[in-house]
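One structure is given below, encoded as structure tokens.
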Amino acid sequence: MPVKLRTYWKRYLLGAVALVVVLAVGGPLFYAKVIEGDAAAPLAVGTDRTAATGELGGTYAVSAGSESGYRVHEILGGQSIDAVGRTQDVSGSATVSGSQVTAGDVTVQLATVKSDQARRDNQFTGTIMNVAEHPTATFRLTEAVDLGEGFTGGERATADATGELTVRGVTRPVTFPLTAIRNGGGIDVSGSVPVTFADFGVTPPSIGDFVTVDPTGQIEFLLKLTPAA
């Protein structure tokens, strides 16, 4: 074989080997950081609000601007990421008396929960949540939540909420911290509910050693409550 041809093939093979190494090492990182991108920030009550107005109390409806969804940790090709899916298809109500929330319920339409990846959304609505049979997730408050005197005056308040969470037809008791603040004539409420998937008959998906999902996650929510008509 001529010297020039041997040199060409040597360079070609070295380049091919280098490419394989780059893909093996950098491919998962590229997918996790570029294809997946950065996870959305947790849902939380914001600072963009108006001063509290009117009397506090009565029945409030979950209104436009409300969101709910999931956050779960994944190992994707050796890279650590947070998978986040959300929907604004949220409904419900809350009853307030003074500084106390005495009743409340929230319903989330699971078929409209979307992440940044269609493959993940198909798994979520299919084998994971089986939305054909269980189209909603619900929460019902079972104990009054006292937000404190400062809340009635417009201060941000944090308290624990206790109730029943129903996912995939399974109901479990849950307790979690929430944050609430008055916003004009309404109330903004946010929080995160820790869940263990097995408690609700959910098996975290996995694809060999390439994708593994933690057995626990969070259900996040941001509720915009406005006085019911």
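The values are calculated or read from the model by the stated rules, or taken from the named source; none is laboratory data. In this text the structure is predicted, and so the values were computed from the model without any measurement. Please note: Cβ atoms are built from the backbone with ideal geometry, for glycine as well, and neighbour counts cover all protein chains shown.
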Please determine, by comparing only the residues of the range 206-223 that are part of a loop (DSSP other than H, G, I, E, B) and in contact (Cβ under 8 Å) with a residue 60 or more places away in the chain, which one is surrounded by the fewest Cβ atoms within 10 Å (Cβ to Cβ). PHE210
Set ALA64, ALA51, ALA44, ALA40: member being at pLDDT 90 or above, in contact with a strand residue (DSSP E or B) (Cβ under 6 Å, 6 or more places away or on another chain), assigned to a loop (DSSP other than H, G, I, E, B) and loosely packed, with under 14 Cβ neighbours inside 10 Å: ALA44
For the range 188-216, what are the residues that are in contact with a Phe, Trp or Tyr (Cβ under 6 Å, 6 or more places away or on another chain) and either hydrophobic (A, V, I, L, M, F, W, C) or under 30 Å from SER63 (Cβ atoms) (or both)? GLY191, VAL193
Exactly one of THR138, THR162, THR226, THR203 is loosely packed, with under 15 Cβ neighbours inside 10 Å and either acidic (Asp, Glu) or assigned to a strand (DSSP E or B) (or both), and that one is THR162
Counting just the residues of the range 114-135 that are without any contact (Cβ under 8 Å) to a residue 60 or more places away in the chain and charged (D, E, K, R), which one comes out surrounded by the most Cβ atoms within 10 Å (Cβ to Cβ)? ARG120
Determine if the range 89-99 includes at least one residue that is over 20 Å from THR171 (Cα atoms), in contact with a strand residue (DSSP E or B) (Cβ under 8 Å, 6 or more places away or on another chain) and surrounded by fewer than 16 Cβ atoms within 10 Å (Cβ to Cβ). yes
Taking the range 136-190 as the region of interest, how many residues are polar (S, T, N, Q) and touching a residue at least 24 places away in the same chain (Cβ under 8 Å)? 8
Which residues, taken from the range 191-202, are in contact with a Ser or Thr (Cβ under 8 Å, 6 or more places away or on another chain) and touching a residue at least 24 places away in the same chain (Cβ under 8 Å)? GLY191, PRO194, VAL195
